[in-house]
1. Given a Förster distance of 35 angstrom, what is the FRET efficiency for residue A:119 paired with residue B:49, based on the Cβ-Cβ distance and rounded to 0.05?
2. Starting from the Cα of residue B:224, step 7 Å along the direction of its Cβ; do the same at residue A:367; then give the gap between the two resulting points in nm.
3. Need one word for chain A: rounded, prolate or oblate. Basis is the Cα gyration tensor (sqrt eigenvalues a ≥ b ≥ c); a/c below 1.5 gives rounded, then a/b vs b/c decides.
4. Quick check on the exposure proxy: order A:413, A:157 from fewest to most C-beta atoms within 10 angstrom.
5. Distance in nm between label sites at residue B:297 and residue B:73, each 7 Å beyond Cα in the beta-carbon direction?
6. For Cα pairs less than 8 Å apart in space and 6+ apart in sequence, what is the mean separation divided by the residue count of chain B, i.e. the relative contact order in percent?
7. Under a GNM of chain B (C-alpha, springs under 10 Å), which listed residue has the highest mean-square fluctuation: B:286, B:38, B:29?
8. Calculated FRET efficiency, residue A:353 and residue B:153, Cβ-Cβ r, R0 51 Å, to nearest 0.05?
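No value in this document is a laboratory result; all are computed from the given coordinates. Everything numeric here is computed off the predicted structure, so don't read it as measured data. Cβ placement follows ideal geometry from the backbone for every residue including glycine, while neighbour counts extend to all protein chains displayed.
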């Protein structure tokens, strides 16, 4: 038997390497990618939509259409909203990952150095559709470039059970915090509390705590960037929250994420909760599954209302979504083509209609769309993009504001107080944390 | 070694390079190199990078500059970090005590002869075998604020009248994750200690019994001292793993409510990956190192003392 010597093996491997090098050189000489790799691809990472019909539509219908129209292979990936930020960080640091990534709120400012300007597309769409709302502009653009292409606003409104409110003698949804607390107290006494998350989760927690604080007159910073959260208004709001929590809220809320309140509402353990329209849309989708205790369809018993007003006014903070084109992407042109395609009116309309009002577009034109007339229950969401107030109030919604949001400082301030920390101390804690960000 | 001895057996002269390997120092070097390269590449290099990162001002997408110990100074004054340190020690301490006690108890039970021993032993390992994320999700449902099956059972049995807010209350949330960690960790203790028990010669027990030792005395004076080296190694492993735990807390609470369950790893993740403050995240991760280092050194010294006794 011939002995296999290391030298022979090496020689053999060398030959193979040379052969493959020749192949590579050949490819390089022609200046073209081999045929099998020639097709351009765009990898789009977005959240798992709370309206499942939309993801089904995108995957089964719209992406194949885009592929046909553009000759680009589209790779659509969906992840839980709370997992987007880790994926963005991983992508930027490793220099490889999805080409387009959905941004929540001011991620755009946080990752401004790592994205490509999409002004051209944003301005074109804005011009065509009557202008981009200032709320979306402030979040997606730093005044010079657009870090993200505005996609949609997920309006946050309070979904509530009409019949239960009627039974408690409340005919109109409370429009002040005092009457809100009264109503919650009455309903909690009947075993039907309001539900609200104060957990570490992206949507419903800050969607409640920020506008709540603003409505009392509390602010993170003043216009010059000085931290002013430790004010008597904020302390007042925290004290009120402590009482509100005990009187009227489901105490499980401290541990909820963005899906828990949906489940609690649908299983009839809470009577009202701040949410996108996903609860209502789910009951529309499965009328046989979701029934009231009387056996009637639950979707006929749900209404929406904005958060009540406080001494300083009425506010809403709605999740703004945009799509960032990453600087590391090797398919930037293809990704831009795809963005243009999906924002073309006929295509975007399909997305918009599948959402049934869950997502409010960021341009003026859609506000008068006939979709809003179809279902009066969804009508309150129409103005989400127009009336939203961005974080970092009264400063810009920049990277620092986003850092405060990502650290859940404002939400934790209320959570700590609800758990028993004196209001003044909780606010002082938040002030110290904010000062570390706004140095 | 086969490679070196084969040509020699055929009576040929060794090539000079191979002859070098006959010198033990060169052979040792050659044999150690692959391990050293692997360790260097996957442990030393990332560790070094982590140290450098923690001494810089790097943020996501922004290569920073050297800032010395500024990040450590910052986290030292960070109230959430202090909570995290306390949480981690409490979590590790409580779980280790319970895991050791329950694991030892289980191991002694399993060391007896009974029918279906093999099957029971295999089942005992289940919590350890199931991927943590998967089993933690099941626990998440059991502790769910609204749908908790534990609450339902207690309610039906008449023990409680209102829901227990497992994950929403700061102390209960910590208790919940401690329970899950114990559930997950006991099999590891049990099986390893069982292996230790089986090395103890039954004759020693018989001899002790003949001398009139009661079961408790036999355990305390025969089993426990002989089991000590194994126990220490298991505890050492467990402490390291628990101290750096991530998945369980991340899935159950994400560090909430109001940071009541943050551990080193989850807080480092929230700051570094979530918020993009890579340098601060690295500093928090590294802050684990001195604590763990002290624990490991103390335990290893103790093990050596036990072994040389």
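1. 0.45
2. 7.6
3. Taking the square roots of the gyration eigenvalues as a ≥ b ≥ c, chain A is prolate.
4. Listing A:413, A:157 from fewest to most nearby Cβ atoms yields A:157, A:413.
5. Those two pseudo-labels are separated by 2.6 nm.
6. In percent, rounded to a whole number, it is 26.
7. Of B:286, B:38, B:29, the most mobile in the Gaussian network model is B:29.
8. 0.65
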